[in-house]
Amino acid sequence: MSIIDALHRSEVRSSVLVVRTGIVGLALATAAIHASLGGMIFTLNAIGYTTLAMAMVLPGPFGRYRWLIRLALAGFTAATIGGWVLFGARFPLAYLDKALEIGLLVLVTFELFHLDGGPIEIGRRARRLATSLVGARGVRG
Amino acid sequence: MTRHAGRLVPLALATVAVAACAASTSAGGPLPSAPLGGAAIVADDLAFDRGTLEVPAGRPFLLVFENREGVPHNVTIVDGDSGQVRFAGDIFGGPASRTYEVPALAVGTHRFRCDVHLEMAGEVLARPR
């Protein structure tokens, strides 16, 4: 039983590793494309993707709030895709970038369900975090 | 060693400064000549070389667009009042040049822009020639 458990755990770990590598790779690839376009908006977008990609793998205190980083990355990616749908130029590099971003969104959503327990559990965590932040402010005040 | 390092730091800074200037310097060169009865425009360093483009009204014309940097750009012309797109040129990275065939524009003021970098924009003055 314990061998099966260990095998299952190692499989889960390797699948998490594959998905996480995909997330970081896609985020850095789309960051590179945005950086290559120049201009303030694209540069800020590239910085955003790079920062979030790094936060996805940094150890230490980041690990505890990885669910929040995943949520931020999903929101950032969705906002970028939405911005392009509304205002973006249609040309081959843009379509390639959107394909990468859709792939990124799929992988992040997978992790949000697989590792964070889906929207209900994430909502609970967010509420807990908000309560603790409000509580800390109340104690300080 | 420290003395050498002290001399090398300003040298390194100067080298970086020169490299940065060289990187930010535009390709320059003469402006493309406008085709007969048409117009020409250049994009470089995330800007068009002019804010106003004078074109003939009431008949199709050629617009030479030279993109002098690796960043993709194009020229799109929109109606001054309705904002409706009158012409959208191909988006391409440079250094390269394209000659767009623009359909006839009504007399008046229109707008032009780069679809990739919306902050790159200007006015199109369509006048009878």
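Just a few scattered comments:
- Across segment A:65-80, coupling constants 3J(HN,Hα) worked out from phi with the 6.51/-1.76/1.60 Karplus curve, θ = phi - 60°, read 10, 4, 4, 6, 5, 4, 4, 5, 5, 5, x, 4, 5, 4, 5, 5 Hz, and Gly and Pro carry x.
- 5 angstrom amide H check on B:V75, placed H, neighbours 5+ away: B:G89
- Couplings 3J(HN,Hα) for segment B:61-67, derived from phi with the Karplus relation 6.51 cos²θ - 1.76 cosθ + 1.60 (θ = phi - 60°), are 8, 9, 10, 7, 10, 10, 9 Hz, where x marks Gly and Pro.
- Debye equation applied to the C-alpha atoms of the protein assembly as shown, log10 I(q)/I(0) at 0.12, 0.14 Å⁻¹: -0.89, -1.01
- Based on every Cα atom in chain A, Rg and the maximum pairwise Cα distance Dmax equal 17.7, 57 Å.
- Cα centroid separation, segment B:53-78 to segment A:85-134: 39 Å.
- Zero-based 10 Å bins, Cα pair distances in segment B:42-129, whole percents: 19, 55, 24, 2
- Per-residue 3J(HN,Hα) values for segment A:21-33, derived from phi via the Karplus relation 6.51 cos²θ - 1.76 cosθ + 1.60 with θ = phi - 60°, read 4, x, 4, 5, x, 5, 5, 6, 5, 5, 4, 5, 5 Hz in sequence order (x marks Gly and Pro).
- Helix-only mean residue ellipticity at 222 nm for chain A, each DSSP H run of n ≥ 4 adding -39500 (n - 2.57), per residue, nearest 500: -30000 deg cm²/dmol
Every read-out reported here was derived from the displayed coordinates using simple, explicitly stated rules and does not represent laboratory data. These numbers come from a predicted model, not from an experiment.
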